[in-house]
Amino acid sequence: MIDETTPRGDPAPIPGEAAPAPVPTPYAGPVAGLPPQTGLTTDTAVFTDAYAVIPRSVMRDIVTSFLPGWTGMRMWMLARPLSGFAETFSQYVVELAEGGGCDTPEDDPEIQSALFVTGGELDVTIAGVTHRLVPGGFAYVPPGTDWSLRNATPGNAGFHWWRKRWQPAAGVTPPDPIIAQEQDIAPSPMPDTEGAWATTRFMDPADLRHDMHVTLVTFQPGGSIPFAETHVMEHGLFVLEGKAVYRLNRDWVEVGPGDFMWLRAFCPQACYAGGPGRFRYLLYKDVNRHAPLWFGTHGSGRAGG
């Protein structure tokens, strides 16, 4: 249940910038700032050879990153390809100050991007067409497509940004751009769950041009993943709302709003939603392609062959 103590998705103030009072949204974001010197380091941050948990409590100012070509921007880099771990994607939580943005966010023509807005409003221009995205707004940008974005409102704006190198396959071309609003999409209940577990799909699962999916997963109180999912997909899971106990490999970890879980391929996972309100998270996974058999070739064959 969302109340006045629940972490919101409103971006934290950028140092030196005066931000207006936050507008509540149901999307949790980083804490920012620093804890007091009297604070204790007792939290759930952990990195193993099968999974990582990056809790909201450690997403502070001191761990932000910056990118060339941007104005009024900082970000928390939550996932990046690591040899021997998860290798297909990167995921950022980005804050933009008033007027901040970038005219050329991507300089690699092989990279596709997906965006999900958690606070403020963004003007995203894709192939010359500008779209206004509000909290809950989603955009997919195909590889090789010109795009830009700008904070469109007073104060700060926040969004998630996924990047993945698009993997070609026989008979398919890159997907088309997607603009969507999660509130306008009817969640798809998982079979035999009576709606306790449902998925909001931004990409059509039957469209095999896509080699990644970004979805929003919702569990009602008491809902669960009642078996240990063990499969080839790498995952990034960012908790937007509610709390749960999540199984990661052999461990059970309590997670809540603003926490991030990062799973390598074949890491077992299961979940029990703890209530009293619904439990929701953004989910990344790689899909619809052969497994690369030579490192760095993205399934297209032996390097140099």
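What to note about this one:
- Amide H to amide H, with H built 1.01 Å from N, Gly100 comes under 5 Å of Asn151, counting only residues 5 or more places away or on other chains.
- Computed FRET value (nearest 0.05) for Ser148 with Thr38, which takes r as the C-beta separation and R₀ as 45 Å: 0.55
- Neighbourhood net charge (12 Å Cβ-Cβ; Lys/Arg +1, Asp/Glu -1) for Leu82: -1
- Computed over neighbours whose Cβ is under 15 Å from that of Arg289, the net charge equals -2, Lys and Arg +1, Asp and Glu -1.
- Full-extension gain in nm, Glu110 to Val245, via 0.36 nm per residue minus C-alpha separation: 44.9 nm
- Modelled label reach - Thr199, point 7 Å along Cα→Cβ, the stretch 231-253 residues with backbone N closer than 12 Å: 233
- Per residue, in Å², the accessible surface of the chain once ligands and nucleic acids are set aside, probe 1.4 Å: 47 Å²
- Taken along its three principal axes, the alpha carbon spread of the stretch 24-160 comes to 49, 38, 27 Å, from the longest extent down to the shortest.
- Taking N as the residue count of the chain, its C-alpha radius of gyration divided by 2.2 N^0.38 Å amounts to 0.97.
The values are calculated or read from the model by the stated rules, or taken from the named source; none is laboratory data. Fair warning: this is a prediction, and the values are worked out from it, not measured in the lab. As a convention, Cβ positions derive from the backbone with ideal geometry for all residues, glycine included, and neighbour counts pool all protein chains shown. Only protein heavy atoms, including side chains, enter the accessible area calculation; ligands, DNA and RNA are left aside. Shrake-Rupley method; radii C 1.70, N 1.55, O 1.52, S 1.80 Å.
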